[in-house]
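Values quoted throughout were computed directly from the atomic coordinates according to the rules given, and no laboratory measurement underlies them. Keep in mind that this is a model prediction, so the values were computed, not measured. Methodologically, a virtual Cβ is constructed for each residue, glycine included, from the backbone with ideal geometry; neighbour enumeration extends over all protein chains shown.
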Amino acid sequence: MYRPILPDCKPRTIRIMERKEDDKLVLYRGHRLFVMGPHAAEIWQMCNGEHTIDEMIRLVADRYDVSKEKASDEIISFINRLVDMNLVVL
Amino acid sequence: MDIPKIYIPKSPLVLSLDLTSRCNLNCAHCLADASPNGASIPQDMAISIIDEAKRIGVKELVLGGGEVLLYNNFFDICKYIVSKDLEFAFTTNGTLVSHNIDRFIELRKHTKSFKVGISLDGHTPELHGYFRPKDTFEPIINAIELLSSININPHVICVLNRENIKQIPEILNFLSDLKITNIRLIPFMPVGRGTRYKCEMLSAKEFHTILKQKNIWMEKSGVNIAIHMPWEFLFQPPKDRCPTPCEAGYVRLWIDFKGDILPCAYLTDSIIGNIYRDKIEDIWINSPILNELRDSTMLKGACSTCEFREGCRGGCRGLAQFLKGDYLCTDPYCPIVNQEQ
């Protein structure tokens, strides 16, 4: 069970080494690599302290024609994982 | 939105470049066997390596030696790296910082994001002088203070030996007073001149004791302690366990002052190419040694059946090579390996 995140929260990524490889985004920090597919990378790039969770949900729901509930579940779960890995701060 | 744990990037993200084997000191344990008469990579070759690094997507260069401050036009090399929008870090023995402080100030005008490591093995001249010349203690402290005065906060690199492991809290308190916030502890490795001192290696028990105390020491001193051992996660509660593999062939590549390309500074017998005839990218993709290091099914001994082998990939391959003569053997410091012995 993940922690709830307020819809107006603006997540921000930490300073980390990033490199694009084909459709993947490779992140490197502290001897570890984190590899994201295109959808995850899209959310990651929106975590710049300017976009709210609500905006992310709307954008994903509109762009990929999924329900807001599904988009919300996926995004909140993903951002929670990033927070657990100390890659994002809320 | 999965985040896979294992992925081999198309080229190294970090490139370690040992610019020179020249050094003004003659430390007993020197990994690079550095001396005042050492050799250096020509500047045009260093520039060419930086250009290739940029082209293939390397994100950070780690400059080492020898003593980097003895490398001709070292600060010009740093500025060139900055001009290529690459991150960089370097390690110095600290003794020549005061002579170069104006160059540090100038460099800082170009970038504020570089990292400087200073070698310091103890909080007294005697303790620091276990492997290194004792009379370098005061110049190093002076260097740390000078760098801090121009807002460069170096991290300390401390090689663990049989004496300083008894006084780590005192060392940390000393560093805290100097406003040092980060220390990297490295167990002594019998490489370079250090091969003569194999008996000085810490026992697995000694090393594990340090790892168990690490968090308590960090909390008390406020100094962040980095010790990278791929199996270090075994000292964490099961829910927090996250193996971080050895970087050889995974994230990083080394180039020494002769231009030899190595998987790791500790695998000095495993030369996988030379920058004068090979391209870094080709070596990264095609080296049989790198591909063996990446294939956890090749691991031998306890690692071959270990549940963590995909994440930890056998621990330190250099230690396996020193002590067992085969980089695919087990890391002798691994707690699981030690349980079995």
Residue within region B:26-40 that is in a loop (DSSP other than H, G, I, E, B), small (Gly, Ala, Ser) and crowded, with 23+ Cβ neighbours inside 10 Å present: yes
Within region B:86-149, helices (runs of 4 or more DSSP H) holding 2 or more residues that are in contact with a His (Cβ under 8 Å, 6 or more places away or on another chain): B:137-149
Condition broken by B:Leu15, with the remaining ones in (1) surrounded by 15 or more Cβ atoms within 10 Å (Cβ to Cβ); (2) more than 14 Å from chain A (Cβ to nearest Cβ); (3) under 22 Å from the mean Cα position of the chain (by Cα) satisfied: (2)
Candidate set: region B:97-135, residues that are touching a residue at least 60 places away in the same chain (Cβ under 8 Å) and farther than 19 Å from B:Leu178 by Cα; chosen: the one surrounded by the fewest Cβ atoms within 10 Å (Cβ to Cβ): B:Pro133
Residues located in region B:225-260, provided they are more than 14 Å from chain A (Cβ to nearest Cβ), surrounded by fewer than 21 Cβ atoms within 10 Å (Cβ to Cβ) and assigned to a strand (DSSP E or B): B:Asp260
Filtered residues of region B:155-193 (kept if touching a residue at least 60 places away in the same chain (Cβ under 8 Å) and over 20 Å from B:Met229 (Cα atoms)): B:Gly192, B:Arg193
Residue among B:Gly57, B:Gly38 that is among the small types (Gly, Ala, Ser) and on the phi > 0 side of the Ramachandran plot: B:Gly57
